[in-house]
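Presented below is the structure to which this report refers.
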Amino acid sequence: MKKFTFALILLLALSFTVKAQQYVSTEPANRNVILEEFTGRGCGYCTDGHRIANQIMAANPGRVWAINIHAGGYAQTSYPNMITTDGNTIHGGFSISGYPSGVVNRTTASAIDRGQWTGQANTQMSQASECNIAGVARVNPATRVATITVEVYYTGNSSVDQNFLTVAMCQDSILGSQADYGNYNPTQWLNGQYVHMHILRDVITPSAWGEAISPTTAGTLITKTYEYPIPENIGSPNGVDVDINNIFFLAWVSQSQQGSATRPILTACELEKSTITDEPIYPTMSDVSQEVTAACTQDKRFNFNVSNIGTETLTSIKFTAQVEDVVNEFEWTGELPSGEATKMDFIMEIPFGTYEGILSITEANGQAYESSTNFNAESQEWAVLDEEGETTDIKVYIVQDQFGEQITWDIINSAGETIASGGPYQHIIGTGTQVNAENVNGIATNDCYLFRIFDSNNNGICCNYGNGYYYIKDAHGNRFIEGDGEYGAGTTNLFSIHKHGDGVEETASSSVKIYPNPANSKIFVDGENISMVEVYNSLGQKMTSVEGSDNTSVEAAAFENGVYVVRVISNDGNVTTQKVTIVH
């Protein structure tokens, strides 16, 4: 009988070791870290905790994940109410004496001050873990069901026979109020609202403290699967919608029950997130962005991702891009299998200014389809320099604030090559400014350029640390670009350099009169049988076109100062051109 019992145990143990893992590594590794930060919208120092947690994660990508748990006296039930039952449970499992505070891998029974988080995280990441963890969360946007598979593989023996597996859903980009005593975390402010990140929304395992798992011996593979209906809204009262585009899932293994909490955490991971449906045709769009290049034109290129989360291979997609009242149609053909994604792009003329556009899929595989997403579009006017030679010189002035070490800049040409750069600069003592002037010599004419200035702390070169600004002068000492210091992480300015004398040659016609020259707000064209009047800038780019009449006028108030070519086309095809200088 004893022999049979031993053989059965051996067979059971063998069944755990021979089962092939799909996601988790079987190689020994050090611990990853979960930083649970206890916070609240009424806590004025908590933004400093958010900043520190962000820095730890940025320094250790794929090793550290912060979870902001809104609980305690500073957590508010007004909108957005991010208090959860599970968050309150976890908050109650630790002794907390102030906010912000947190636990790093639950290594302490009491929450520790934010100044200790970095050291404790580094200590944890230097230690060998008893197990590894990985998995995937497949989200069906049609049913809002997440199918979650988690694997735990033990590379060593745990000190106890039973551990605990926890799976949690977090959410990014929740806009709302936030007390802030010192502008500690300026990167998360957007138009007067705070962008709340990595917020605990729900614990998916049966208990907030995790689900018991065993055995916990080397070579054991444990696989758990959960079907989780994603709620539309979490929180009462004034709950927050659960945006499936901004959720992510974390999983971790904790050692044992100590008090009410399961701790310490042995290791953790972010689950791979994918999207899939049972529908045959289901393309989705994401990450629409405008290319920022040195192109002095209103034709802008946009990139976006298309994912095929349906069951059929996609072979064609028709989509539209709308900015203001202008709608452009595009079509893609190819082959995009189920479960895969590809990058697409389109080019669209954008009026000067900043706009919110709408990108819509209207047809997929020849069938009508409806899916839309918003995108930001910008077209900035460019300064024009008119120079005599093949090259010219400019001078860049950076009036820095106290933190010059955070400032850098560069200039790129239309080929994407960096032709000049500057910074970082020295830190200056006290609040004030300091001028840094740098010559940029031998810039080729007849090209477009993009000036970019950055701030590594994402708060520009103003305002509490000196009112900084920047400007650029041409070879004649004229200031042709300038900007203030309130640019956050960075800003750009376009300019073109035209070689004087190049361009369209003038052709005279006794039947066409173009005046005044120089012009201010309008250009007038008199003549008979005029079909069209076109205006080109010094780089040969069309600025506008107007249908002709016997007395045609062209609005020029929006044109930059400079030399333009007016092209008059008659009904019989004759063309008259004349250069007109715009001076405002």
Filtering region 232-243 for residues that are touching a Lys or Arg at 6+ places or on another chain (Cβ under 8 Å) and open to solvent by 30 Å² or more (accessible area, probe 1.4 Å) leaves a count of 1
The one condition Ala75 fails out of (1) closer than 19 Å to Gln257 by Cβ; (2) in a loop (DSSP other than H, G, I, E, B); (3) open to solvent by 10 Å² or more (accessible area, probe 1.4 Å) is (1)
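Being among the hydrophobic types (A, V, I, L, M, F, W, C), over 20 Å from Ile247 (Cα atoms) and either touching a Lys or Arg at 6+ places or on another chain (Cβ under 7 Å) or crowded, with 21+ Cβ neighbours inside 10 Å (or both) is the filter here; which residues of region 27-55 pass it? Outline the logic, then answer.
Initial filter on region 27-55 (among the hydrophobic types (A, V, I, L, M, F, W, C)): 29, 33-35, 38, 43, 46, 52-53.
Those still in the list that are over 20 Å from Ile247 (Cα atoms) too: 29, 43, 46, 52.
Scanning region 27-55 gives Cys43, Cys46, Ile52.
Going by the structure shown, is Cys462 within 21 Å of Val565 (Cβ to Cβ) and open to solvent by less than 50 Å² (accessible area, probe 1.4 Å)? First the steps, then the outcome.
Working: within 21 Å of Val565 (Cβ to Cβ): no; open to solvent by less than 50 Å² (accessible area, probe 1.4 Å): yes.
No: the conditions fail for Cys462.
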Can you confirm whether Leu385 is over 27 Å from the mean Cα position of the chain (by Cα), open to solvent by less than 50 Å² (accessible area, probe 1.4 Å) and of a type in the set (A, V, I, L, M)?
yes
Check your understanding: If we scan region 206-222, do we find a residue that is closer than 17 Å to Ala137 by Cα, modelled with pLDDT of 95 or more and among the β-branched types (Val, Ile, Thr)?
Key -> yes
The condition from (1) open to solvent by 30 Å² or more (accessible area, probe 1.4 Å); (2) of a type outside the set (Ser, Thr, Tyr); (3) under 30 Å from the mean Cα position of the chain (by Cα) that Gly87 misses is numbered (1)
Subset of region 530-580, residues among the small types (Gly, Ala, Ser) and either modelled with pLDDT under 80 or surrounded by fewer than 19 Cβ atoms within 10 Å (Cβ to Cβ) (or both), comes to Ser531, Ser538, Gly540, Ser545, Ser549, Ser553, Ala557, Ala558, Gly562, Ser570, Gly573
For strands (runs of 3 or more DSSP E) lying entirely in region 252-321, having 1 or more residues that are open to solvent by 70 Å² or more (accessible area, probe 1.4 Å) and hydroxyl-bearing (Ser, Thr, Tyr) picks out none
Considering residues that are more than 26 Å from the chain's Cα centre (by Cα) and either modelled with pLDDT under 95 or over 22 Å from Asp48 (Cβ atoms) (or both), the number found within region 111-144 is 10
Pairing a residue in region 570-584 that is farther than 12 Å from Val525 by Cα with any residue that is aromatic (Phe, Trp, Tyr) and open to solvent by less than 60 Å² (accessible area, probe 1.4 Å), where Cβ atoms lie under 8 Å and the two sit 6 or more apart in sequence or on different chains, gives Lys579/Tyr564; Thr581/Tyr564; Ile582/Phe559; Ile582/Tyr564
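Could you tell me whether Gly210 is crowded, with 20+ Cβ neighbours inside 10 Å and of a type in the set (Gly, Ala, Ser)? Walk me through it before giving the result.
Working: crowded, with 20+ Cβ neighbours inside 10 Å: yes; of a type in the set (Gly, Ala, Ser): yes.
For Gly210, the condition - crowded, with 20+ Cβ neighbours inside 10 Å and of a type in the set (Gly, Ala, Ser) - is met.
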By residue number, the members of region 339-372 that are open to solvent by 30 Å² or more (accessible area, probe 1.4 Å) and assigned to a loop (DSSP other than H, G, I, E, B) are Gly339, Glu340, Pro351, Phe352, Asn365, Gly366
Reported set for region 94-110 where residues are over 22 Å from Ala179 (Cβ atoms) and either in contact with a Gly (Cβ under 7 Å, 6 or more places away or on another chain) or modelled with pLDDT under 95 (or both) is Ala109
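The values are calculated or read from the model by the stated rules, or taken from the named source; none is laboratory data. Here the structure is a predicted model, which is why all the values come from computation and not from measurement. All Cβ positions, even for glycine, are placed from backbone atoms using ideal geometry, and neighbour counts span all protein chains on display. Remember, those area values only see protein heavy atoms, side chains included, never the ligands or the DNA or RNA. Shrake-Rupley method; radii C 1.70, N 1.55, O 1.52, S 1.80 Å.
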